[in-house]
Amino acid sequence: MTADDGGAGDQRTGVDWGALKAAAVHAMNNAYAPYSKFAVGAAALTADGRIVSGCNVENASYGLTLCAECALVGDLQMTGGGLLRAFYCVDAGGNVLMPCGRCRQLLYEFRAPDMELMTTQGIRTMDQVLPDAFGPQHLEEPQ
Ligand code: THU
C-alpha cells in the first residue's frame, strides 16, 4: 500500500486510505494559512469507524499557529472522543505530509493499539514515527 493507492480498503486492516486522503484534502481546503501560505489538512479513522479531520489555523502572532492535527484532535473529542486507528496528512498539492514532532506527540496520546500513519515511506506505525515516546504511562505512580 502506498500513498498513491486509491479508494479500496486495505485488505488486512480494513482502512480505506483513499477515503482518508479525500477527507484530508477536504480539510486542507479550509486551511487558514495567510502567513506561511502552506495549507495542511489531516484526517483520521477512529477506532469506532468515524472520520475526523482538521486544517491548520495560523495567527498574526506566528507562534500561536495551530497545526492541522490540533484541529483534528479537537474534532475527535467534540464528536465522541475515542482513539485513532489510521492517520493521513496532506499539503496543498495533496501530497503526503509527515506530522511535525509536536503533532506526533499529540497523535500518540490518542493512538489506538497498532495505529498506522500514511507517511512518505508508506504505511508506518505510531511507534515507528515516534519511538520511545513519552506518554500517559509515564505519569502513573511508580510501583
Ligand atoms: N503544519 C501543520 O499543520 N501540521 C504539521 O504537522 C506540520 C506543519 C502547518 C503549520 C503551519 O501553518 C504550516 O504548516 C507551515 O509550517
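Read-outs: derived from the displayed coordinates by stated rules, not from any lab. Predicted, not measured: the structure shown is a model, and the values here were computed from it. Cβ coordinates were reconstructed from backbone atoms using ideal geometry, including for glycine residues, and neighbour counts include every protein chain displayed.
Numbers below:
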item	result
Condition met for Glu58 (under 21 Å from Glu116 (Cβ atoms) and among the acidic types (Asp, Glu))	no
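Listed here are the residues, each with its yes/no results for (1) within 14 Å of the ligand (Cβ to nearest atom); (2) closer than 19 Å to Asp16 by Cα.
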| site | (1), (2) |
| --- | --- |
| Ala39 | yes, no |
| Tyr62 | yes, no |
| Cys67 | yes, no |
| Tyr88 | yes, yes |
| Cys103 | yes, no |
| Phe110 | no, no |
| Met115 | no, yes |
| Gly122 | no, yes |
